[in-house]
1. Looking only at the stretch A:268-303, which residues are on the phi > 0 side of the Ramachandran plot and open to solvent by less than 30 Å² (accessible area, probe 1.4 Å)?
2. Within the stretch A:200-215, track down each residue that is surrounded by 14 or more Cβ atoms within 10 Å (Cβ to Cβ) and in a helix (DSSP H, G or I).
3. Would you confirm whether any residue within the stretch B:416-426 is closer than 23 Å to B:GLY313 by Cβ, within 13 Å of ligand 1 (Cβ to nearest atom) and open to solvent by less than 10 Å² (accessible area, probe 1.4 Å)?
4. Look through A:LEU78, A:LEU74, A:LEU124, A:LEU115 and report the one residue that is open to solvent by less than 50 Å² (accessible area, probe 1.4 Å), outside any helix (DSSP H, G or I) and not aromatic (Phe, Trp, Tyr).
5. Which members of the stretch B:329-369 meet the condition of being open to solvent by less than 30 Å² (accessible area, probe 1.4 Å) and away from every other protein chain (no Cβ under 12 Å)?
6. I need the full set of residues from the stretch B:376-413 which are open to solvent by 90 Å² or more (accessible area, probe 1.4 Å), more than 9 Å from chain A (Cβ to nearest Cβ) and away from ligand 1 (no atom under 16 Å from the Cβ), in order please.
7. Would you point out which residue out of B:LEU54, B:LEU58, B:LEU44, B:LEU131 is in contact with a Phe, Trp or Tyr (Cβ under 7 Å, 6 or more places away or on another chain) and within 16 Å of ligand 1 (Cβ to nearest atom)?
Amino acid sequence: MGLRLDVQKRTEDYPKWLPAATSVGAVLLAFVFSGLILLSVGADPIRIYSFFWTASFGSWGAVSDVIVKATPLLLIGLACAFAFKMKLWNIGAEGQFYMGAFFASMVILLPMVDLEATPKVLVLGLMMLMGMLGGALYGFIPGILRAKYNINEVITTLMLNYIAVFWNNYWIFGKYSDAGFQMTKMFPKIAWLPRLSDFAKQYKGFSGITLHLGVIFGLIAAVIVWLILYKSRWGYKITLIGDNPKAAKYAGLNITRNIVLVFMFSGALAGLAGMAEVSGVVHRLQERISTNYGFSGVIIAWLAKLNPFAVILVSVLFGALIVAGREIQPSGVSFLIQGIILFLVISSDVLLKYTIRVVRTDKNGEIVQAKSAAVEEAE
Amino acid sequence: MTLQETTNEALAVEMKDITLRFPGVLANDHVNFTLRKGEIHALLGENGAGKSTLMNVLMGLYKPNSGTIIVNGKHVSFGSPKDAIASGIGMVHQHFMLVPNQTVTENILIGLDEPKFVLNIKKYDQKVRELAEQFGIQIDPTAQIWQLSVGEQQRVEILKILYHGAQILIMDEPTAVLAPQEAAELIETLRGMARQGKSVIFISHKLNEVCAVADRLTILRKGRATAEGISVEGITREALASLMVGREVIFNLQKKDQAPGEVVLELQEVSAVNNKNLPALRKVNLCLKEGEILGIAGVAGNGQSELVEVITGLRECTGHILLEGKEIANKSPQASISAGLAHIPEDRIGVGTAPNLSLTKNVIMKSYDHAPISNAWRVNYTAAGVHAEELKNQYKIQAPSIETQARKLSGGNLQKLILARELSSKPRLIVAMQPTRGLDVGAIEAVLDLLLEERSKGSAILLVSEDLEELLSLSDRVAVMYEGEIVGVMDQKEADINTIGLMMIGSLRGDPACPPAETRTQPTDLNEQGAE
Ligand SMILES: Nc1ncnc2c1ncn2[C@@H]1O[C@H](COP(=O)(O)OP(=O)(O)OP(=O)(O)O)[C@@H](O)[C@H]1O
Ligand SMILES: [Mg+2]
C-alpha cells in the first residue's frame, strides 16, 4: 500500500482558467519558497512580507512609486510578449531600453530643436518618437541577423545589451558628463513628462506624488498590442508564423520581413520605456537607469502568458517587488523571488499538458483508485 | 490485484471494452481487440475511426475511461509508454522520431539504461547488425539518419523497438510513406517476424495490402468495432470497404470526356538544384491546359518535389514558368497564389497546416488579407468563423467545432481541411502532391471526386502521385520523371503501366514534353526579366 503520483496526458482540453491559475499559483509558491529560504538564513519571512506590503501599498506615495516602477516594466513586458508571440526570443529589451533613452536624450543634449521656442508638446512628442526609433533600430540588428542569416537572437540580443550600456556610458562620461559625474546635466523642465505633483497647487493631495504620464503610454500600448495581436491581420500573421513558419511561408507570408518588423516593434516599445524613464523619472541621461528591467520583462511576459492586459497586472506586482526590495537588506530578496517565479512559471506548463493526481496503490504497486473509477464508468 | 481468470495462452494482447472520450468525440466506444501470438492483425477504419487512439491506449499514452487490458495473460494499467515497452510492446509512429545527425546504432541506443557511461560503439554496431540479420532487415548501423531514405528510416524504427525487446509491434500506417517496392519489402520483413513468434498490429488504408499481409482483421467505424478479429480468408475489397464506411464504395471513377481549353501553366527549360545543391530538375518543359489533369509519375526523389516547389514559388530555378501567361518563376509563394495557384502539399502537418491553431485560423490562411475575411487592417473573425463553418459542412470535415486545433484532427480530416481551403479560392491551377496518401477509401473517393469536379469547372490540375493506378484513372495525360527529366508524356488512353514502369526506372524514353516551340505563349514580362 502506498501513494504514488499518477501523471496522465490530458485527453480533455485544459479548463480556460487554468493558465491564469498556474500563474497565480507560481507567484504564491514563489513566496512560500523564498520564505523557506529566508527562514533558513534566520530571517522572519512573515515580518519581511508584511514590510513588503506596507512599503509598496501602505500609502498613496508608495502606490505611486510602485506604478512609476511598473511603467517601464509594463512597456518592456509588452515588448517581450509581442516578440515571444512569434517565438522570437528577444532578451534584448534591456539594450533597446538604453538606446531609447539615449535617442530621446539626444533631442535635448544636441539639441535637435530650439528648446526655448518649441512648445512642450512637440519636444515631448519628438522625444517619444526618437525613443521609439532608437529602440526599433536596436531591434533591427538582431532582427535582420536572425531573418537573413538565421543567427540565434538570444545570443545577439544578450550581447547587444552590453554594447548599449557601454555606448551610453561613453557619451555620459565622454561628452555630456555633468562635472565628471556619471550623469548628464539635468534636462530643462520642458523635457519633463507631466507629473501629478505638478498639480499640487490645485489638488493638495498630489504634492510629492511622482506618478508621471508614462503610465498612460504603457496602458495605451497594452491596448494597441492587444488590438494588433488579437484583431489585426498582422497579428494573424504573427500567430501563424509563430505556430508554423513553414506553413506561413507556404501561405505566402514574407517571414524575413515579419521577423524584422516584429523585432523593431518590440524594440520600439522598449525604447519608449527608456524615453519615459529619462523624461519622467530621472530627467537626465545617466548610468544604470535600469535595474534589470529587460530581464524582469521576460519573466513578466511569461507570467502574463503573453496576454497584454495580464502584463499590466504582473508589472504592478513586479514594481511592488522592486520598490519594497529597495528598502530591505540584503536587497537581493526581490530578485530571489523573481527568479523563483520564473522557474515555477515555466515548469507549471506541465500542468497544461498533463493531469497529475495522487493515487493510492496496492501492494503490487498497482493503482487502486483508477480501477474503481473505470468500474464506475462502465456501470 | 491480478484477477483470477481463464486467460487464453495464445493471446498476446486482449483489450476489452475500451472506451475513450475526447472532448466532443467518442474515439473508442466499447472496443474489443485481441492479438494472437505470432499473427499479423490488421486494424482498419476510416480516418478518425479511432485506430491510432486505440493503439495509444495500448501504449499507455492515454488512460481509457473504461475497459481492461491484458498483455500476455496479465492485467496491466500502463502509466506511460515506458511501462508498455517494459511489457514488450513497441510502436512505430507514422512520424518518425529519429535524430538526424546520429548514426543508426546511436539512435537505437537512445533511451536505454545500457550502455551507461562508456559507449563502445563498435560492439553495439555489431549487435545491431546481428539483430538486423536475424529479421532480414537491410541496414548499415554506422550510417547517419539524414543519409537514409524514408524506407530505411522506418527500418531503423523497427530495429529500435526490436532491440528494446518488443514481442508485440504496432505499426501505425507504415506503408503510407513508402514507395511500392519498399512497401513490399516491409511486408516481407513483417511476415518473417511473425514466423519468429512476434505479433504485429498493422494499420493501413490500403486494402490490397491488408489482404496480402494480415491473418485477421478488426475494423473500427466511428469508434465502434464493426468487425472483431475476423479472418481475411476469402474476404473481398468491396466487403471491407463497406464495413469501414458503412456503404458501398465505388472503385470506378466517373470521369467525363472533355476537351481541354487554353494553356494555363507552361514550363520552359526549367532547371533547379535540390537541398544538397545537386541538379534536381533538368530543362523541364511542360504544359497544362484548362480542364486537364496532368499526372506526374516517377519513383520518389526524381525531382517531383522540386518541380512542385518551383511552381509554387518555394524554390529558385532557371527558365520560365508561366501561369496564365504571367511569369511566376523565382517570384514568391505570394506571387503564385495571387496568379491563381492552389497547392495541396505533400506534408500536411509540417507545411499544410498550423497544428496549434483553430480550424478557423487554418482555413483563412490564404484569404485572411482580403474581403470578406478582412477589411483595412482587421481580420473579421466572425466572418472567418462563418466561412469555416460553411467549409466544414461542405467538405464534411469531422471535428467537434471550428475552434478545434488542427492537430486534433485525424489524418483524413486534416487533408479535407487543406482541400477545403485550397479549392475554395477558386484556383486556376491546382498542384496536388500525394493528395490521397494515408486516406481511407471513402475519403480517397471524396478527394478524387473533388479534383474531378474542379477539372470539370475548368481548373488545370498537376497531380503528383506514386500510386500508378490512381494516376492512370485520374489523369488525362501522364508525364514520367526520371532523374529530374521528363522522359515521356503520353495520353492516358495510350498509357500502360508497363511502359510507364520502364520509363520510371530509366530504361525507356518516350516523346519529349509539350507542344512544339512556335505554339508556345511568349512570357509577357520577358524584357523585365532580362533587365533585372
Ligand atoms: N488529442 C486529441 N484531442 C481531441 N480529439 C482527438 C485527439 N486525438 C484524436 N482525436 C479525435 O479522436 C478521433 C479518433 O482519432 P484517431 O487519430 O484515433 O483516428 P484514426 O483512426 O487513427 O484516423 P486516421 O486514419 O486518419 O489516422 C478523431 O475524431 C480525432 O479528431
Ligand atoms: Mg491514425
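1. Matches in the stretch A:268-303: A:HIS283 only.
2. First, the residues of the stretch A:200-215 that are surrounded by 14 or more Cβ atoms within 10 Å (Cβ to Cβ): A:200, A:206, A:209-215.
Correct list: A:PHE206, A:GLY214, A:VAL215.
3. Initial filter on the stretch B:416-426 (closer than 23 Å to B:GLY313 by Cβ): B:417-426.
Checking which are within 13 Å of ligand 1 (Cβ to nearest atom) leaves us with B:417.
Cutting the leftovers down to open to solvent by less than 10 Å² (accessible area, probe 1.4 Å) gives us B:417.
Looking through the stretch B:416-426, at least one residue is closer than 23 Å to B:GLY313 by Cβ, within 13 Å of ligand 1 (Cβ to nearest atom) and open to solvent by less than 10 Å² (accessible area, probe 1.4 Å).
4. Values: A:LEU78 fails: outside any helix (DSSP H, G or I); A:LEU74 fails: outside any helix (DSSP H, G or I); A:LEU124 fails: outside any helix (DSSP H, G or I).
One residue alone meets the criteria, A:LEU115.
5. Answer for the stretch B:329-369, where residues must be open to solvent by less than 30 Å² (accessible area, probe 1.4 Å) and away from every other protein chain (no Cβ under 12 Å): B:ALA329, B:GLY340, B:LEU359.
6. Passing the criteria: B:THR382, B:GLU390, B:ASN393, B:GLN394.
7. One residue alone meets the criteria, B:LEU54.
Table: residues versus (1) under 20 Å from B:ARG155 (Cβ atoms); (2) at pLDDT below 85; (3) within 16 Å of ligand 1 (Cβ to nearest atom).
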residue	(1), (2), (3)
B:VAL71	no, no, no
B:SER77	no, no, no
B:LYS82	no, no, no
B:VAL92	yes, no, yes
B:VAL99	yes, no, no
B:GLN102	yes, no, no
B:THR105	yes, no, no
B:GLY111	yes, yes, no
B:VAL118	no, yes, no
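The values are calculated or read from the model by the stated rules, or taken from the named source; none is laboratory data. Quick caveat: nothing in here was measured; it's all calculated off a predicted structure. Glycine gets a Cβ as well: all are built from the backbone with ideal geometry, and neighbour counts include every protein chain shown. These accessible areas exclude ligands, DNA and RNA; they are computed on the full protein's heavy atoms, side chains included. Shrake-Rupley method; radii C 1.70, N 1.55, O 1.52, S 1.80 Å.
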